[in-house]
Number of protein chains: 2
Amino acid sequence: MTKKIILRDDEMPTQWYNVVPDIPGGLKPPLDPETKQPMSAEKLSAVFPMGLLEQEMSSERFITIPEEVQEIYKIWRPSPLVRATSLEKALGTKAKIYFKNEGVSPVGSHKANTAVPQAYYNMKEGVKRIATETGAGQWGSALSFATSKFGLECKVYMVRVSYDQKPYRKSMMHTFGAEVVASPSMETKIGRQILAEYPDTPGSLGIAISEALEDAFSRDDTKYSLGSVLNHVILHQSIIGLEAKKQMEIAGDYPDVIIGCCGGGSNIAGLVNPFIPDYLNGKKIRFVGVEPASCPSLTMGKLAYDFGDVAQSTPLLYMYTLGHDFIPPGIHAGGLRYHGMSPIVSALVRENIMEAVKVHQIECFEAGVLFAKTEGIIPAPETCHAIRATIIEATKDLNDPKTILFNFSGHGLIDMGSYDKYFSGDLQNYDYPAEQIAKSMANLPKI
Amino acid sequence: MTKKIILRDDEMPTQWYNVVPDIPGGLKPPLDPETKQPMSAEKLSAVFPMGLLEQEMSSERFITIPEEVQEIYKIWRPSPLVRATSLEKALGTKAKIYFKNEGVSPVGSHKANTAVPQAYYNMKEGVKRIATETGAGQWGSALSFATSKFGLECKVYMVRVSYDQKPYRKSMMHTFGAEVVASPSMETKIGRQILAEYPDTPGSLGIAISEALEDAFSRDDTKYSLGSVLNHVILHQSIIGLEAKKQMEIAGDYPDVIIGCCGGGSNIAGLVNPFIPDYLNGKKIRFVGVEPASCPSLTMGKLAYDFGDVAQSTPLLYMYTLGHDFIPPGIHAGGLRYHGMSPIVSALVRENIMEAVKVHQIECFEAGVLFAKTEGIIPAPETCHAIRATIIEATKDLNDPKTILFNFSGHGLIDMGSYDKYFSGDLQNYDYPAEQIAKSMANLPKI
């Protein structure tokens, strides 16, 4: 039996798919944080290279992947599509479970898919240095890898809770030549302010973004880079779904439901978006975004204009948000600890194209251990969320022979400390209290 | 351009290649540690299942891979053959460098290739529990993965220096359901003896083997498993070279030199052996085994019958050895810290078919960092030895357009602590003193 469907280098897609022109009702534009008017490309070009800004605002359905980017993709792409036969058997389900294994990238996650083009377009426009933030460390290591390929410097503001829990992530970034500092740090104004007020803060992606942006604004040689949320990031991730479509076709199958974990939204959108045109053409297919109960932007947040960061320095994005000053608890799926959600994923949820569910971390680790023991691969804590939702879906009715496809966004080999905590019984489930969320949402900007 | 050559699931070899009948002069048999006569299969069957013993003693050239093993192999196999174009460019060499990426296995190294059939044959014969040792932790995690697939219990004696330096390896083994203890431990007689004499010992593979063997001998439900050295292990690893031959053919190329790091010998033999028949038929091809200067069994040891362990409980193997009571210093390439060398690799070196070189660890980490920055993948410390030798080979004469193939035996993502030590400047090069080696070799058994 064929366990996995692989594609050769020359079968790799050569264009990304941009879902924006296909979203019913479209996207609302980002707003200038000062004027509250639609953001000008000129202003954004202070922190992003034009190559990426053009993609951010593009209404083209397909955008060619530069050859230099394709060459680097081929280090690990096309990634395998795997049939989780052993997991199916352990669950006793008639459902067919497939996963797209993005853990095969050199940094162990899907983040490399956008890190490479982002470093590329910066290099093309003469940028010497990129500043960024990282949650779980996956994005920071991906960008460090990508910048090392193009000879750029890289500075990473890493959310403190991850900085402390994931020493190997720092080591990876060092190996690729990047500089890493725990966020909030003493190196930026906003970092110093927050440390003065909350010296013991675990940090958050919202804070780290503020620091990286301040860094980029303050230096002529530096631009900023974001690993999720934005349209151009989601564009780059579409290669996941484009490959998966080809592979499902080779497998002679088609998904009834597609599942992915949701932090900023890039991994689920990357897998889902290339299937959206089929959905709009009447194909029966469900899309399920899975978020942690401790940071439930899609399921308990509000669709509104909000800042992407704590310092209110980003453009206002129209998205599901828990409020920009929401600081999520230090759960271990650091990559899912973000107050907002990509405008594209938010629009898909708004249009009832995508469903959203929330799950608890202990059940996610249980699912991850079952996956490791059956399929042999240890998933990242973030990915465990998608696996948990997949198991729920596959066991609702054990006799339903539906086809499930989920995004295996990354392996967990660099995050084993989280598994140690799970095995020791130190982990707790956490529902973020509604009244706390109401409080942070009261600070949404008035538009 | 094609960066990597991949094979589909249905192109995976379905037989292993056994080099033993092709070794000029053959192999000397293992001897009974008590009688010093050739070891009987009956006695060995106390610790190994018959399925593996038959392979250990087989003179068949090809042995069919059981279907259940093939199915599990397909989780990650066939593994990619990659052209290291960026490394070539950075070196300014006209040499073509290929590597076989065994880091794609669920546990990050080639060790899974033998762990799976070993667990399989034990399961087939009704064994309930396997005891083993592990150096760097790669073998222990591979066997934990494999036993979890067949529902066996697994007990791992992990060399103390690695146990302390590599916490994530322990976590991996726990995730797969194995039990892990630092060796020497208080759980065996030999462990207690050694701890009484050397309470601060970093441990060694030789000691850990003694503990695992004692465990297996003392329990009816338990057999023993070794991750390198033995003929059946090397047989299983031949899938690396069998795939690589097919892939080089697809690439339209053939190696002038094949390189691998040497601990017990299984990864280099796995890649090299399937090319041996070509060599014996007159093909011009060099094979280079790379060992650490701190544990130089091939370059400074002696070809003799010796024990595989400190407690003198294994059969006597005819191999290059530094003496069974040699305790190598705690260098970071834990997987290369073994006093002996596989009898097969020893015979290839004896027959001048394979060359052996020794390298220093600081230069190896330098090579590993260059590889990470060029090819994007962070190598395991052991693998850095092969890369170091590859770089030496590729830069001897920059204009020589030779084709080099090396075994990328594993990635380093679970061993980043070693890179931290390298970056901090704490690492030192170490040549094991000749007079010390002479001392431990004075204790070789008299045959």
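The values are calculated or read from the model by the stated rules, or taken from the named source; none is laboratory data. Just so it is clear, the structure is predicted and the values come from calculations on it, not from any experiment. For neighbour counting, all protein chains shown are included, and Cβ atoms are generated from backbone atoms with ideal geometry for every residue, glycine included. To get the accessible areas, we keep the full protein, side chains included, count just its heavy atoms, and leave off ligands, DNA and RNA. Shrake-Rupley method; radii C 1.70, N 1.55, O 1.52, S 1.80 Å.
Numbers below:
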| item | result |
| --- | --- |
| Part-to-part distance (alpha-carbon centres) for region B:195-269 and region B:115-155, which is given in Å | 14 |
| Label spacing, shortest first and in nm, from A:Met50 to its equivalents in the remaining copies (7 angstrom along Cα→Cβ) | 7.7 |
| 5 angstrom amide H check on B:Ile378, placed H, neighbours 5+ away | B:Gly412 |
| Mean shadow area of region A:152-205, taken as a quarter of the surface of its Cα convex hull (nm²) | 3.8 |
| Rg/Rh for region B:362-447, where both radii come from Cα atoms and Rh is the Kirkwood radius | 1.11 |
| Summed residue charge, Cβ within 11 Å of B:Ala212's Cβ, Lys/Arg positive, Asp/Glu negative | -4 |
| For A:Ala311, distant residues with modelled amide H under 5 Å away | A:Ser210 |
| Anisotropy class of region B:156-258 from Cα gyration tensor, a/c 1.5 cut | prolate |
| For the protein assembly as shown, cysteines whose Cβ has no other cysteine Cβ within reach (under 4.7 Å) | A:Cys154, A:Cys261, A:Cys262, A:Cys295, B:Cys154, B:Cys261, B:Cys262, B:Cys295 |
| Given charges at Cβ of Lys, Arg, Asp, Glu: chain B dipole, positive-most of B:Gln361, B:Pro49, B:Tyr338 | B:Gln361 |
| Reachable aspartates and glutamates, given that their alpha-carbon falls under 13 Å from the alpha-carbon of A:Lys284 and they are not under 8 places away in the same chain | A:Asp256 |
| Residue-normalised accessible area of the protein assembly as shown, expressed per residue, 1.4 Å probe, Å² | 32 |
| FRET efficiency, B:Lys446 to B:Ser45 (Cβ-Cβ, R0 30 Å, nearest 0.05) | 0.65 |
| Residues whose placed amide H lies under 5 Å from that of B:Ile97, excluding near-sequence neighbours | B:Ala84, B:Ile404 |
| Equivalent ellipsoid, region B:186-243 (semi-axes from 5 times Cα gyration tensor eigenvalues, Å) | 29, 16, 6 |
| Pair B:Glu435, A:Glu67: separation of 7 Å Cα→Cβ label points (nm) | 6.3 |
| Accessible surface of region A:325-447, 1.4 Å probe, proportion on carbon and sulfur as whole % | 50 |
| Descending semi-axes in whole angstrom, ellipsoid equivalent of region A:29-71, from the Cα gyration tensor | 26, 12, 6 |
| Cα convex hull of region B:68-217, projected area averaged across orientations, nm² | 10.9 |
| Using θ = phi - 60° and Karplus 6.51 cos²θ - 1.76 cosθ + 1.60, couplings along region A:256-262 (whole Hz; Gly, Pro as x) | 7, 8, 10, 10, x, 7, 10 |
| Approximate shape of region A:1-156 as ellipsoid semi-axes (Cα gyration tensor, √5λ), whole Å, largest first | 33, 21, 16 |
| Calculated log₁₀ intensity ratio I(q)/I(0) where the Debye formula runs over C-alpha points of region A:266-373, q = 0.16 Å⁻¹ | -0.78 |
| For A:Thr2, label point 7 Å along C-beta direction: distances to other copies, nm | 1.9 |
| Expected 222 nm ellipticity per residue - DSSP helices of 4 or more, -39500 (n - 2.57), all of the protein assembly as shown, to 500 | -11500 deg cm²/dmol |
| nm² value of the averaged projected area, convex hull over the Cα atoms of region A:34-106 | 9.3 |
| At 7 Å out from Cα toward Cβ: A:Thr35 inter-copy label distances (nm, ascending) | 9.5 |
| Loss of accessible area when A meets B, both sides summed, Å² nearest 100, probe 1.4 Å | 3700 |
| Solution diffusion estimate, µm²/s, Stokes-Einstein, the protein assembly as shown, Kirkwood Rh from C-alpha pairs, 20 °C, viscosity 1.002 mPa s | 77 |
| Region A:46-177, relative contact order [Cα under 8 Å, separation at least 6], % | 20 |
| Solvent-accessible surface (1.4 angstrom probe) belonging to A:Trp139, in square angstrom, nearest 10 | 10 |
| Net dipole in debye of the protein assembly as shown [+1 Lys, Arg Cβ; -1 Asp, Glu Cβ; about Cα centre; nearest 20] | 720 |
| P(r) tail fraction, chain B - alpha-carbon pairs more than 29 Å apart, % | 40 |
| Rg/Rh (Cα only; Kirkwood hydrodynamic radius) as it applies to region A:319-390 | 1.03 |
| Relative contact order computed over region A:316-397 (Cα-Cα under 8 Å; 6+ residues apart), in percent | 25 |
| Cα-Cα pairs of region A:103-159 separated by more than 13 Å (percent) | 52 |
| Solvent-accessible area lost in complex, 40 Å² minimum, residues of region A:341-389 relative to chain alone, 1.4 Å | A:Lys373, A:Gly376, A:Ile378 |
| Region A:216-281, Cα convex hull volume normalised per residue, Å³ | 98 |
| Convex hull volume per residue for region B:292-447, taking Cα atoms only, in Å³ | 130 |
| Whichever lysines have a C-alpha closer than 30 Å to that of B:Lys446, once near sequence neighbours (fewer than 8 apart) are set aside | B:Lys28, B:Lys36, B:Lys43, B:Lys189, B:Lys223, B:Lys302, B:Lys358 |
